[in-house]
Amino acid sequence: MKVKLPGKLFVLLMAVHFTATAQHEEEPKKGFDKDKLFFGGNFGLSFGDYTLINVSPQVGYRFNQYLAAGAGLNFIYSSIRYRYYPSTADYKNNYGVAGMNIFGRVYPIEFALLQLQPELNYTWGKVKFYDGTPDAKLPGKMILSLLGGAVAVIPSRGGAFIVMVEYDLLQDDRSPYGKRAFFNFGYNFGF
């Protein structure tokens, strides 16, 4: 059995349906939206003949589905002990980095992004010799780096795991990132 609705009743029911549906849709917020903030960065520790301490927090803002930007601080300390057996020519390199960065991200697809990150870092260091040779000091120097990278994003509850490959495009001799591409693994909260 088919029920035939009069045309006016059908139009009235459709209008009520669309009105009710429209009331449940949220309008986009205008201005600053704290829900679009995310936090992350790098944190690493290693101790022994190779010691590394890396505390480099970042905060960012997701403008829309495709663009995000932010800023961060860098602090890296590394110490490498070189042992030559049975020689007494052992030595240790100590190296420090402190600075700041800004970054921009483009999300061409939902689970991948491209990032460009200019950094200004102050570097210093020294070499300690264990055979009586006087220590050698590496004078402090401001270093400009430009990191370019591609990132895979793995969403999780409350954030996202990130796997990033980066490269310092400026290649200063004292760049803290060396002359090769390097990997970062991390987590962004509030992604």
Original post:
Taking segment 178-191 as the search range and keeping residues that are in contact with a strand residue (DSSP E or B) (Cβ under 7 Å, 6 or more places away or on another chain) and part of a loop (DSSP other than H, G, I, E, B), which one is farthest from VAL106 (Cα to Cα)?
Top reply: ALA181
Original post:
Could you list, in sequence order, the residues of segment 166-179 that are surrounded by fewer than 11 Cβ atoms within 10 Å (Cβ to Cβ) and within 16 Å of SER78 (Cβ to Cβ)?
Top reply: GLY178
**OP:** Go through segment 45-81 and give me each residue that's part of a strand (DSSP E or B), touching a residue at least 12 places away in the same chain (Cβ under 8 Å), under 15 Å from TYR95 (Cα atoms) and not hydrophobic (A, V, I, L, M, F, W, C).
**Re:** TYR50, THR51, ASN54, ASN74, TYR77, SER78, SER79, ARG81
Subject >> Extreme residue, farthest from the chain's Cα centre (by Cα), among residues of segment 135-168 that are closer than 15 Å to ASN121 by Cβ and of a type in the set (A, V, I, L, M) >> reply: LEU138
Original post:
Taking segment 109-139 only, how many residues are exposed (fewer than 12 other Cβ atoms within 10 Å of the Cβ) and in contact with a Ser or Thr (Cβ under 7 Å, 6 or more places away or on another chain)?
Top reply: 1
**OP:** Filter segment 82-109 down to the residues that are part of a strand (DSSP E or B) and hydrophobic (A, V, I, L, M, F, W, C), then identify the one that is farthest from TRP124 (Cα to Cα).
**Re:** ILE109
Original post:
Filtering segment 124-165 down to residues that are modelled with pLDDT under 95 and of a type in the set (Ser, Thr, Tyr), which residue is nearest to ASN74 (Cα to Cα)?
Top reply: SER156
Subject >> Residue list for segment 169-178, filter: at pLDDT 90 or above and either basic (Lys, Arg) or under 18 Å from the mean Cα position of the chain (by Cα) (or both) >> reply: LEU169
Original post:
Are any residues in segment 66-95 at pLDDT 90 or above and β-branched (Val, Ile, Thr), and if so, which ones?
Top reply: ILE76
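The values are calculated or read from the model by the stated rules, or taken from the named source; none is laboratory data. Just so it is clear, the model here is predicted, and its values are computed rather than measured. In this analysis, Cβ positions are derived from the backbone assuming ideal geometry, glycine residues included, and neighbour counts consider all displayed protein chains.
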